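Report on the structure given below.
Rule-based calculations on the coordinates, nothing more; no lab input. Quick caveat, the model's predicted, so the values are computed rather than measured. Ideal geometry is used to build each Cβ from the backbone, glycine not excepted, and the neighbour counts take in all protein chains shown.
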Ligand code: ADP
Ligand code: MG
């Protein structure tokens, strides 16, 4: 049998293997992988470039640490035009807590635009649509906002997303702020709760792969007293979050904010400091 005919017979005879990829394909895909910058150089560095497309990233942290700020920042940064090294995409923001502030999104968009004008001005001279695109209002127009008031609404919205994504092919990030909020009360059957949350994150994982977009699930952590010391635990544990490929924990170190990679198949555990300023997530130097 010639090489080609053997190959053909393999292709024809193994329907179940159709979806298989070679390790070489996987490596090339990984090298071409797209990232969304967090706006913080050191955080991008430990993440290998930023938040990964095609993956689900869970971001945990205590209230006030900056999860929502990061979510808004990513919804803005995903829109950085391709000409400036970004994805030129759109964002879906699913707000279960009511903490998305449009004024803050406007302010972050202004910060992002002024950074682009400062740092990539040389690339922008060949970019005719630049003046219209680089307006805070255009950034706001590309964030699709869903306000969710109950867990049934959350389940229904996630189920509806596939149809929405078919129509809006430019969406490159889905932020859920936060994934567990409505599941903390009003859910007596704990096993069912774990299954529903797990099913939701699996569905989001499928969207991430199918539409090459990033999924960011914000989640609260609480402190729990175990064996004489305090430990951070994710709200509702992590038994439901198998579909989350990466987990980042934001935490306080004295008066400084830090981010820690808690789980990732490809990145080593590392810590980076970050600042929230009027403009963006920024690097802070630890002295
Ligand atoms: P979480 O979602 O983790 O509960 P947030 O993302 O809402 O926390 O973070 C709130 C914090 O972000 C505030 O306590 C404040 O320190 C900071 N913050 C919010 N807006 C601004 C701003 N315009 N300028 C500087 N810091 C801000
Ligand atoms: Mg929040």
task = Counting other beta carbons within 10 Å of each Cβ, put 240, 252 in order, fewest first.
result = 252, 240
inquiry  = Below 8 Å between Cα atoms, with a sequence gap of 6+, how large is the relative contact order for region 79-189 in percent?
reply    = 45
query = Which residue, 60, 71, 111, tops the fluctuation ranking in a GNM of the chain built on C-alpha contacts under 10 Å?
reply = 111
note = To the nearest 0.05, the calculated FRET efficiency linking residue 253 and residue 101 through their beta-carbon distance, R0 being 30 Å, is 0.70
ask   = Which ordering of 40, 84 is given by a fewest-first count of other beta-carbon atoms within 10 Å?
value = 84, 40
query = Which of 200, 101 comes first, and how do the rest follow, when ranked by fewest Cβ neighbours within 10 Å?
reply = 101, 200
query = How much length is gained on full extension from residue 192 to residue 223, taking 0.36 nm per residue of separation minus their Cα-Cα distance?
reply = 8.7 nm
remark   = FRET efficiency for residue 160 and residue 22 from the Cβ-Cβ distance with R0 = 30 Å, rounded to 0.05, comes out at 0.25
inquiry  = Please report the spacing between the Cα centers of region 139-162 and region 184-234 in Å, no decimals.
reply    = 17
key: GNM top mover of 199, 19, 85 - the chain, alpha-carbon springs below 10 Å   = 19
Gyration tensor verdict on region 29-181 (Cα atoms; rounded if a/c is under 1.5, prolate if a/b is larger than b/c, oblate otherwise) = prolate
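Using alpha-carbon pairs under 8 Å, 6+ residues apart, how would you state the relative contact order of region 42-282 in percent?
32
Efficiency by 1/(1 + (r/R0)^6): what FRET value for residue 149 and residue 238, r their Cβ-Cβ distance, R0 = 30 Å, to the nearest 0.05?
0.75
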remark   = If the chain between residue 127 and residue 263 were fully extended at 0.36 nm per residue, the gain over the current Cα-Cα distance would be 45.0 nm
query = How big is region 116-199 by the Kirkwood estimate over distinct Cα pairs, in Å?
reply = 16.2
query = Relative contact order, percent, of region 26-107 when contacts are C-alpha pairs under 8 Å separated by at least 6 residues?
reply = 23
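Tell me the Kirkwood radius of the chain: reciprocal of the mean inverse pair distance over distinct alpha-carbon atoms, in Å.
20.3
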query = So for the pair residue 141, residue 82, with labels modelled 7 Å out along Cα→Cβ, what separation do we get in nm?
reply = 2.0
